[in-house]
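Q: Take this structure, written in structure tokens, and hold onto it; I'll ask about it next.
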Amino acid sequence: MLLTIAPAAACADPPDAAVYRLIDQLRESTAKLRIDGMDRDWRGVPEMTDPRGDAGGDASRDVTGVAIAPREDDLCVMIHTAGTPSTDRFVFYLVLDAVGNDGDNFEIILAALGQPPVLRTYGKDRQPGESIPLTHAKVAVRRVVEMRIPYRDMLAGLSAEQAELLTGPKARSWMRIKTQTWDTRLQRVVDLGPAAGSFRLLKTPYPLDGPLPPNSAEPVVAAMPVRGQWVVAQAAFGPFTHSKIWAYDLVKVNGSGRQSDPVRSQKNSDYFAWGQPVFAPAAGQVRTAPSDFDDVVPRGTPAPANEGNHVYIIASDRFGLSMGHFQKGSVTVKPGEQVTADQQVGLVGNSGKSLAPHLHVAAWGGVFRAKTVPIAFAKVRVGLNPVDNDPWARELDRWQPRYGFLVSP
Ligand SMILES: [Zn+2]
């Protein structure tokens, strides 16, 4: 089964029209989806792939492809493995990002065959919470792993606040899963499979981009300050450090949607964002450009100095742009200096109040950094999957970053 969908750029229609057409098409084909472990009815549903042979020789746990279809009332997932799928206990983990602006929300664990999969929610610090059996889920493991999980089962395990975001009028337009497999004997993860994101296949048309925070002013339009593919890990008024500001955290990811290899590494150089060049998003005059804050250990205690090494550019008498957490010693511009748009100004690092290498971007109204204002990136590709053939990719003239989307210039 291959993904044969024309890339958005090749269409004459506006990019959103192509996405809505694909939603329609998939909604119809997945309505008849049978879950039988034979991979029969998934034709046309985009599948995200992962290399073969990266599970330490265990083909039964080597995830090579994943497809998801978040339908009206349930979530369908299909997993391809390099060999016949394993049926040991606690084998397949699906880490789901389904409900809101706070990272991964819960995981679904497919345990022994004949037992229902289990949903485990995450606490605030990503500690696993209670495990709830998904009693109405349908699972088949034969040539492939297939699961159909009704949202009503998931709702039993979610807080009222999360439940509201999973279904109903406030539900987000998309869902994403990341796959992992586990070896019960070795007690460790043996394979990280691909991430697969999809828009929901609802009957009523809905905006692809979620709503912006209230009182949204006209955005400052700027170029994206980094190259390659990044995920918006925290958007404006996000739940962590952005609770009161218009600001965006960009994290570089690989084709599996992971930000480091190994995952959750404590070494800065293991992160794909680390050392990436940062370019001025607009021409202007540099106002501040400190470069001697130390980089901190990832996943450790963040330093109190907020933006750490950063560059603040006054772009006009109306607004300025700041970028933070640069690598120590990497800032190449000085206060007072004029920069051109797209001029390199430093390298992405992990200085200041930062958990892992990323770029913090904000626009400020007025010359003095009095208050933040929204940003729209000009000429970007926005999608749900970190791969070149993402069927959901849109080429947009300008886009205000929302949590969880992949964005590249
Ligand atoms: Zn930030």
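Q: If each Cα of the chain is one equal point scatterer, what is log10 of I(q)/I(0) from the Debye formula at q = 0.08, 0.10, 0.11 Å⁻¹?
A: Values returned for q = 0.08, 0.10, 0.11 Å⁻¹ are -0.44, -0.69, -0.83.
Q: Here's a follow-up. In whole percent, how big is the carbon plus sulfur part of the accessible area of region 220-408, probe 1.4 Å, protein atoms only?
A: Here carbon and sulfur together make up 54 percent of the probe-accessible area.
Q: Relative contact order of region 8-199: what whole-number percent is it, with Cα pairs under 8 angstrom and at least 6 residues apart?
A: 23
Q: Need the full-extension length gain, THR241 to ARG142, defined as separation in residues times 0.36 nm minus the C-alpha distance. One decimal, nm.
A: Contour length minus Cα-Cα distance gives 31.1 nm.
Q: Can you tell me the order of 147-159, 262-274, 63-75 when each peptide is scored by its average per-residue count of other Cβ atoms within 10 angstrom, highest first?
A: Taking the mean over residues of other Cβ atoms within 10 Å, the ranking is 63-75, 147-159, 262-274.
Q: Another question about this same structure. In whole Å, what is the distance between the alpha-carbon centres of region 320-376 and region 224-271?
A: After rounding, the separation between the Cα centres reads 15 Å.
Q: When a/c is below 1.5 the answer is rounded, else prolate if a/b is larger than b/c, else oblate, so apply that to region 8-199 with a ≥ b ≥ c taken from the square roots of the Cα gyration tensor eigenvalues.
A: Oblate is the answer for region 8-199, as a/c is 1.5 or above yet b/c matches or exceeds a/b.
Q: Among PRO239, PRO281, GLN229, which residue has its Cα positioned farthest towards the positive end of the charge dipole of region 220-408, with +1 placed on the Cβ of Lys and Arg, -1 on the Cβ of Asp and Glu, and the dipole taken about the Cα centre?
A: The residue sitting most towards the positive pole is PRO239.
Q: In a shell of Cβ-Cβ distance under 12 Å around HIS325, excluding HIS325 itself, what net charge do Lys and Arg (+1) and Asp and Glu (-1) give?
A: My count for the surroundings of HIS325 gives -2.
Q: How much length would be gained if the chain were fully extended between ARG152 and ARG185, taking 0.36 nm per residue of separation minus their Cα-Cα distance, in nm to one decimal?
A: Stretched out fully, the ARG152 to ARG185 stretch lengthens by 8.5 nm.
Q: So, for region 220-408, what is the accessible surface per residue at a probe of 1.4 Å, expressed in square angstrom?
A: Per residue, region 220-408 has an accessible area of 39 Å².
Q: Counting only heavy atoms of protein chains, what accessible area per residue, in Å², does region 8-199 have with a probe of 1.4 Å?
A: Value returned for region 8-199: 44 Å² of accessible area per residue.
Q: Provide, for q = 0.16, 0.24, 0.25 Å⁻¹, the log10 of I(q)/I(0) from a solvent-free Debye sum over equal Cα point scatterers in region 253-359.
A: -0.66, -1.17, -1.22
Q: Rounded to the nearest percent, how much of the accessible area of region 8-199 (1.4 Å probe, protein heavy atoms only) is carbon and sulfur?
A: The value for region 8-199 is 49 percent carbon and sulfur by accessible area.
Q: What net charge is computed for the residues neighbouring GLY275, neighbours being all others with C-beta under 11 Å from the C-beta of GLY275, Lys and Arg scored +1, Asp and Glu -1?
A: Result for the local shell: 0.
Q: Below 15 angstrom from the Cβ of MET224, what's the summed charge of the other residues (Lys, Arg +1; Asp, Glu -1)?
A: +3
Q: Which angle from 0 to 90°, rounded to the nearest 10, does the C-alpha axis of helix 15-31 make with the longest principal axis of the chain?
A: 20
Q: Over the chain, what is the mean sequence separation of C-alpha contacts under 8 Å (at least six apart), divided by residue count, expressed as relative contact order in percent?
A: 15
Q: Of GLU218, GLU47, GLU395, which is the most mobile in a GNM of the chain whose springs link Cα atoms less than 10 angstrom apart?
A: Ranking GLU218, GLU47, GLU395 by mean-square fluctuation puts GLU218 first.
Q: Calculate the FRET efficiency for GLN344 and ARG318 from the Cβ-Cβ distance with a Förster distance of 30 Å, rounded to the nearest 0.05.
A: E(calc), rounded to 0.05, equals 0.75.
Q: Straight distance only, please: which lysines reach the Cα of LYS178 with their own Cα at less than 20 Å, same-chain residues fewer than 8 apart left out?
A: Result set, ordered by chain and number: LYS124, LYS138, LYS252.
Q: Let me ask something else. In cubic angstrom, how much convex hull volume per residue do the alpha carbon atoms of region 255-302 span?
A: About 117 Å³ per residue, rounded to a whole number.
Q: Is region 220-408 rounded, prolate or oblate when judged by the Cα gyration tensor, a ≥ b ≥ c being the square roots of its eigenvalues, rounded requiring a/c under 1.5 and prolate requiring a/b larger than b/c?
A: oblate
The values are calculated or read from the model by the stated rules, or taken from the named source; none is laboratory data. All figures in this text were calculated on a predicted structure; none of them were measured in a lab. Glycine also receives a Cβ, built like all others from the backbone with ideal geometry; neighbour counts cover every protein chain displayed. Ligands, DNA and RNA are excluded from the accessible area calculation, which covers all protein heavy atoms including side chains. Shrake-Rupley method; radii C 1.70, N 1.55, O 1.52, S 1.80 Å.
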